[in-house]
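Before any comments, here is the structure.
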Amino acid sequence: MWDYTDKVREHFLNPKNVGEIPDADAVGEVGSLACGDALKLYLKLDETKNRIVDAKFQTFGCASAIASSSALTEIIKGKTLDEALNVSNQEIAEFLGGLPEEKMHCSVMGQEALEVAIAKYRGGPLPGHDHAHPDMEGEVVCKCFGITDQFLKKVIKENNLHTAEQVTHFTKAGGGCGGCVPKIKELISEVMGEQPKKEHKRPEKLTNLRKMQLIQDVLEKEVRPLLWADGGDLELVDIAGSTVQIAFRKACAGCVSSGYTAKFVEQKLREFVADDIRVEEVEG
Amino acid sequence: MREIYADNNATTKVDEVVFEEMRPYFCELYGNPSSMHFFGGQVQKKVDEARRRTADLLGAQPEEIVFTACGTESDNAAIRSALEVFPERRHIITTRVEHPAVLTVCRNLSKRGYRVSELSVDGEGRLDLNELRSVIDEDTAIVSVMYANNETGVVFPIEEIGAIVKDKGALFHTDAVQAVGKIPLNMADSTIDMLSLSGHKLHAPKGIGSLYLRKGVPFRPFMVGGHQERSRRAGTENTAGIIALGKACELAGQNLELENTRVRAMRDRLESEILRRISNVQVNGGKAERLPNTVSVAFEFVEGEAILLLLSEKGICASSGSACTSGSLEPSHVLRAMGVPFTCAHGSIRFSLSRFTTDDDIDTIIRELPPIIAHLRELSPFGREFLARSN
């Protein structure tokens, strides 16, 4: 049985904003029956055509797909289109208190439907994803699920994915016949090559201020997204010299392996910031 | 919440009579059957009795029964033994719808130089025996075909298959984990060389299984060590498990008719009521011969995991062939092999009953299921298109 958070259960059992908006300004559709999940998102804008005043959805899919759709509509209501475009799949997952990593593709599907809806409304090119979009950008990599290289690169980059398995969990690509797994690995090294791991650029000398900024940055970009995938989170409490105090939240709080997680955070910070970093777990 | 357990092909309740039978063999009669003293000897007698009871259910001789830890172990032991017995034969035949306990073994062997033929099935999950005739040859060491499919309940014509296999001198193994206790078996008049069964599928506990090994069929053990099970399966016996399996087999023999009358009638009622109350449903393998306790139904435009979790909210335990529950992304290999249409492959649910299922259970499922499907179709963009069309 999947270990879903209470929030996922709540949004699956009583999803918010289900249905259609007959006079919607923007509609985004991703996925298909063959893929096993699909989402149709309707957006209603205010009179200036800038702010989302209503959002509704229809979803075919598993519990986390339904919950992610519900979460998405709750997150974007009241946002401007530009603000909505900044909503990441991590934010959807975080709203739900985390998703099992195998189910992260549900949050990606939500974010993707939003992009498609806005792109269609604005008349721009469609972000490449699915069978449903013959006019998508990029070259199809995963033939089973019709997923393009452009889309994969975007998800790899935004979620900082390092293995083909993670890419499958986040996009489904490679989860069918598996024939495209070598290509996915190429894309990972291509994307990660474009953003070489920061260890190579690790600054020689850091002022205290820059060090603190860098620590915050690494926690935001390199650490928290990985914790979200397991329904966990952390908060930075304080930085004193090279000692970084963190408090675990959600699934990580009280988790028996939080000791390992703290070690992992320390490793990451040493890799990206400085060798003398020490991570301390505090209550807070 | 009282559970309505309709997932008996996954595992079954240990019959309380079985549990009482095994109970003394933990804290009181814990002797090792191999020991010389009276304390072990009395356990040995009980193990012998269990072996007789297990053999009786299969129409076999007691010495043809080897106790193992599970169905998977029996499958592994049978296939690997056949390859050792016939080192010059490098071909294995199985089916595309086999349980992973067989299929994974065969696929791993195919990476180690063995030729593996996987027989296909039609839309109802049935084999084409001409395909078997065309692929089997003098190079075939073993043919392993399940007796009945765990997902759909479709039963294969095992004796007909066995006759073809014997013609070529290969060994014939069947994974009968789902069939034992539901289909009458008689090894005294059978083409089967080896047969796997599992305790927890027939109201014995988990962790005990058996391999039927026809007298005279050469065998190379998978587990070596001590002389237990006549050196065919080393390792101190799981005495309590063996004694439980023996009792469960005795009860299964007594209940065989019940499985094929009362349980079958409940399954048939469940199936026909689902078809009557819900539109756009198909029974996977519905036209084939099937186990009396199993029905696999595919609901169009909805996804299986969502159905299961909503059923679970109502206390109903079933299982699905859908991708999302297994962590894989495609519908089950069985449904794909059958070519179940993509509109409903993701929405397949299996209900599997037992002699502990009641008419009340069936009533509850029949009552709770239609609104769940209607709700999910209401949620689904495809379901809505379909509802709009049908209005």
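Every number here is computed from the coordinates shown, using simple stated rules; none is lab data. None of these values were measured; they are calculated from a predicted model. In this analysis, Cβ positions are derived from the backbone assuming ideal geometry, glycine residues included, and neighbour counts consider all displayed protein chains.
Overview of values
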| read-out | value |
| --- | --- |
| A:E139 versus A:D238: modelled label distance in nm, points set 7 Å from Cα along the beta carbon direction | 5.5 |
| Reach of B:K166 by Cα under 22 Å, taken over lysines that are not fewer than 8 positions away in the same chain | B:K215 |
| Difference of contour (0.36 nm per residue) and Cα-Cα distance, B:K206 to B:R277 | 21.9 nm |
| Fully extended contour minus Cα-Cα distance, from B:H37 to B:D139, at 0.36 nm per residue | 31.8 nm |
| R0 of 51 Å, Cβ-Cβ distance B:E289-A:E74: FRET efficiency to nearest 0.05 | 0.50 |
| Of A:A65, A:A113, A:A247, the one that fluctuates the most in a GNM where chain A has Cα springs shorter than 10 Å | A:A247 |
| Chain B: translational diffusion in µm²/s, Stokes-Einstein, Kirkwood Rh over Cα pairs, 10 °C, 1.306 mPa s | 72 |
| Too-long pairs where the Cα-Cα distance tops 26 Å, listed order kept, from A:K250/B:K206; A:K103/A:K250; A:K16/A:K250; B:K111/B:K206; A:K16/A:K40; A:K79/A:K263 | A:K250/B:K206; B:K111/B:K206; A:K79/A:K263 |
| Chain A: most fluctuating residue of A:E112, A:E220, A:E101 per GNM, C-alpha cutoff 10 Å | A:E220 |
| Computed over chain B: relative contact order in percent, which uses C-alpha pairs under 8 Å that are six or more apart | 22 |
| Whole-number percent relative contact order across chain A, with pairs defined as alpha carbons under 8 Å at least 6 apart | 14 |
| For A:C142, residues with placed amide H under 5 Å, excluding near neighbours | A:I147 |
| Peptide ranges A:265-273, B:63-71 listed from the most packed, as the mean C-beta count within 10 angstrom indicates | B:63-71, A:265-273 |
| Degrees between helix A:63-76 axis and first principal axis of chain A (Cα, 0 to 90, nearest 10) | 90 |
| Spin-label pair B:R262/B:M1, simplified geometry with 7 Å Cα→Cβ offset, distance in nm | 2.7 |
| CD proxy at 222 nm, helix term only [per DSSP H run n ≥ 4: -39500 (n - 2.57); per residue of chain B; nearest 500] | -12500 deg cm²/dmol |
| Sites B:K314 and A:C255 - FRET efficiency at Förster radius 25 Å, r taken between beta-carbons, to 0.05 | 0.20 |
| Over the protein assembly as shown: Rg over Rh, Cα atoms, Kirkwood Rh | 1.03 |
| Estimated inter-spin distance, B:T236 and A:W2, nm [label 7 Å along Cα→Cβ] | 4.3 |
| Most positive-pole-ward Cα, B:G226, B:P157, B:S272, against dipole of chain B from beta carbon charges | B:G226 |
| Under 11 Å, Cβ to Cβ, from B:F19 - net charge with Lys/Arg +1 and Asp/Glu -1 | -1 |
| Choice from A:D37, A:D46, A:D149 showing the highest fluctuation, given a GNM over chain A with Cα pairs closer than 10 Å | A:D46 |
